[in-house]
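Contents: one structure, followed by commentary.
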Amino acid sequence: ETGVTQTPRHLVMGMTNKKSLKCEQHLGHNAMYWYKQSAKKPLELMFVYNFKEQTENNSVPSRFSPECPNSSHLFLHLHTLQPEDSALYLCASSQGSGGNNSPLHFGNGTRLTVT
Amino acid sequence: QKEVEQNSGPLSVPEGAIASLNCTYSDRGSQSFFWYRQYSGKSPELIMFIYSNGDKEDGRFTAQLNKASQYVSLLIRDSQPSDSATYLCAGYMDTGRRALTFGSGTRLQVQP
């Protein structure tokens, strides 16, 4: 496996369900990110982890709970979501966390639909 | 004011023409900028980055940065139908945020 891998690719869940999104990077990077992409809106930063420590939470509702057990793995735990949370969730990684000019490398994303 | 602003388009150009995509940013202290291409239903793919004022060329792509005017552009020469996608401009804003800030993207359509 190379690059950034996200699973599942598609997820449909009810408002009372609990599910998790998984991201794994094989690039040797030390920073990982969750972004949300909704239709007609820019990518919205959700969380940043640097060396598995959370360095940014962009005022994300508590129904989204990130977990970063190590520099290669990132999870997003979901519970009691709302229909407006339906979006493409993108994981990314970079060498370093902001300010050092590193580009982000994205996974293929998870298309989430909340019914 | 949006931190990174792009015209949503669509920008329509004929095959073989030069496509010019533009982006402005609000933070004068921003240092580095990136262009991503996103096909419909796919994730963003890095195509260019630029850190210094002036032009940077890579194949058919040229990125231009003008820090005094807070302006970034991407030129695509000899546009092909396969270049039809949404192009996202992104930068590290000098606000302490440790991640890229993205514009909403410009949709490019290359007509055969």
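The values are calculated or read from the model by the stated rules, or taken from the named source; none is laboratory data. Just so we're clear, the structure is a prediction, and the values are computed from it rather than from any experiment. Ideal geometry is used to build each Cβ from the backbone, glycine not excepted, and the neighbour counts take in all protein chains shown.
Points worth noting:
- Every residue from region B:2-26 that is of a type in the set (A, V, I, L, M, F, W, C) and assigned to a loop (DSSP other than H, G, I, E, B): B:Ala17, B:Ile18
- Conditions (1) closer than 18 Å to B:Thr101 by Cβ; (2) crowded, with 17+ Cβ neighbours inside 10 Å; (3) within 8 Å of chain B (Cβ to nearest Cβ); number of the one not met by A:Thr55: (2)
- Verdict on B:Tyr92 being buried (at least 21 other Cβ atoms within 10 Å of the Cβ), facing another protein chain (nearest Cβ under 10 Å) and among the hydroxyl-bearing types (Ser, Thr, Tyr): yes
- Number of positions in region A:13-46 that are within 12 Å of another protein chain (Cβ to nearest Cβ), surrounded by fewer than 14 Cβ atoms within 10 Å (Cβ to Cβ) and in a strand (DSSP E or B): 0
- Look at region B:28-51: where a residue is facing another protein chain (nearest Cβ under 8 Å) and a partner is outside any strand (DSSP E or B) and small (Gly, Ala, Ser), sitting 6+ places away or on another chain with Cβ atoms under 6 Å, you get B:Ser43/A:Gly109; B:Tyr51/B:Ser32.
- From B:Gln70, B:Gln109, residue being in contact with a strand residue (DSSP E or B) (Cβ under 8 Å, 6 or more places away or on another chain), at positive phi and surrounded by 15 or more Cβ atoms within 10 Å (Cβ to Cβ): B:Gln70
- Test for B:Thr101: is it within 13 Å of chain A (Cβ to nearest Cβ), surrounded by 13 or more Cβ atoms within 10 Å (Cβ to Cβ), among the polar types (S, T, N, Q) and closer than 25 Å to A:Glu56 by Cβ: yes
- Just one residue in the set A:Asn108, A:Asn70 is out of contact with any strand residue (DSSP E or B) (no Cβ under 9 Å at 6 or more places or on another chain) and in contact (Cβ under 8 Å) with a residue 12 or more places away in the chain; that residue is A:Asn70.
- Residues in region A:88-103 that are crowded, with 20+ Cβ neighbours inside 10 Å and either modelled with pLDDT of 95 or more or more than 8 Å from chain B (Cβ to nearest Cβ) (or both): A:Tyr89, A:Leu90, A:Cys91, A:Ala92, A:Ser93, A:Ser94, A:Ser102.
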